[in-house]
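Here's the structure, in structure tokens; my notes come after.
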Amino acid sequence: MTLQRGPLRWTRRRARAARSPQLFVLGAAACFTALGWTYWLFVRTTTGQFADESAWAEADTAAPDGALPFLRFLDNLPLISVVIAAATLLFVTLVRRRWAAALLALGAMAGANLTTQILKNMVLDRPDRGVPTLDFNSLPSGHTTLAASAVAAVFLVSSPRWRPLIAAGGGIYSVLAGAATFVNLWHRPADVIAALLVVGAWTLLGGLLVMRTGNEWNVWPGFGRHWASSRWWLALCWVAGLAGLVLSALLYVMVQQIGPAPIPGTARVPLFFWAGLASIVGTGFTLAGAAGWLFTSQARITGDRPHPHKAAARPGAQG
């Protein structure tokens with residue numbers, strides 16, 4: 001495989017997509033580990049249950065009535081995302097001929113949604129910790145899983161130069177869908193965070209297979225050669241993600257300093273609500289930034305060097 005660069009021909013010493021598969025596996029394991037900690041903290045402990053339930057109860061008063069039409073529109077994002085994903089997968093299958101990638105993306109999407117339903121309905125339970133709440137488990141969120149996994153499927157079948165942009169756009173879309181399920185009282189913040197982590201794990205596992213089975217279109221020369229491949233898209237994800245996580249932690253600390261209301265939803269200032277919303281934003285964008293960085297770096301062509309025979313055939317070319 002050669003690459004034309006000016007008058008010289010350069011040889012790619014290494015153009016293997018996903019050349020470090022262990023990073024994808026470790027990333028998926030980290031997502032599942034974070035999912036376990038999220039469940040233990042916000043479902044198994046009294047403090048976590050109270051914080052999560054307080055955020056959910058405060059959402060009933062924090063969202064203004066004037067925003068209800070917009071919130072109802074956000075409720076439709078999971079269905080909209082499925083339509084977008086279906087159209088994209090059909091395009092790459094029929095036009096780009098990426099049959100394996102489309103099937104693997106569908107498999108990752110199905111795996112994420114199946115995992116959510118099994119965990120929520122068959123594996124995880126919600127013990128009674130004395131917190132006034134619903135007595136059934138709702139973690140992870142099925143609505144959020146559907147929306148985020150559909151966007152992830154689009155990300156997986158996209159060429160490397162489009163993935164930074166789609167990572168940022170997908171992060172925004174997933175955060176909006178997850179925040180809508182929270183603000184519209186479908187789910188607690190931890191349910192949404194758990195769903196995003198499930199999708200993150202399956203995106204990495206499916207992405208490893210997509211890159212290894214589609215090596216010819218999963219390599220690229222690097223950032224900045226196309227407007228969609230700018231590093232700024234991933235920088236946006238990292239800044240928004242880390243800011244959300246830091247803000248969430250600060251708000252939780254502030255609540256403990258002030259002292260939480262004795263009954264969820266009765267606080268004068270809905271700090272738990274804003275902390276929960278910030279945690280959703282932080283988790284969604286951090287996962288988008290991490291996925292964007294890993295996929296783009298693992299598609300990067302490295303180790304270009306001039307081919308000695310081609311260089312010798314063109315004397316004076318280097319000058």
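Below is a table of values for the structure above.
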| quantity | calculated |
| --- | --- |
| Ser230 surrounded by 24 or more Cβ atoms within 10 Å (Cβ to Cβ) and of a type in the set (Ser, Thr, Tyr) | no |
| Where a residue in the stretch 251-278 is closer than 19 Å to Gly130 by Cβ and its partner, wherever it lies, is assigned to a loop (DSSP other than H, G, I, E, B) and open to solvent by 50 Å² or more (accessible area, probe 1.4 Å), with Cβ under 9 Å and at least six apart | Ala261/Arg268; Ile263/Pro132; Pro264/Pro132; Ala267/Pro260; Phe272/Pro260 |
| Criterion violated by Leu287 - all others in (1) at pLDDT below 85; (2) open to solvent by 30 Å² or more (accessible area, probe 1.4 Å); (3) within 30 Å of Met211 (Cα to Cα) satisfied | (1) |
| Count - residues of the stretch 203-242 that are assigned to a helix (DSSP H, G or I) and over 16 Å from the mean Cα position of the chain (by Cα) | 13 |
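The values are calculated or read from the model by the stated rules, or taken from the named source; none is laboratory data. Here the structure is a predicted model, which means the values were calculated and not measured. Positions of Cβ are backbone-derived with ideal geometry, glycine not excepted, and every protein chain shown enters the neighbour counts. When the accessible area is computed, the model is the full protein with side chains, heavy atoms only, and any ligands, DNA or RNA have been set aside. Shrake-Rupley method; radii C 1.70, N 1.55, O 1.52, S 1.80 Å.
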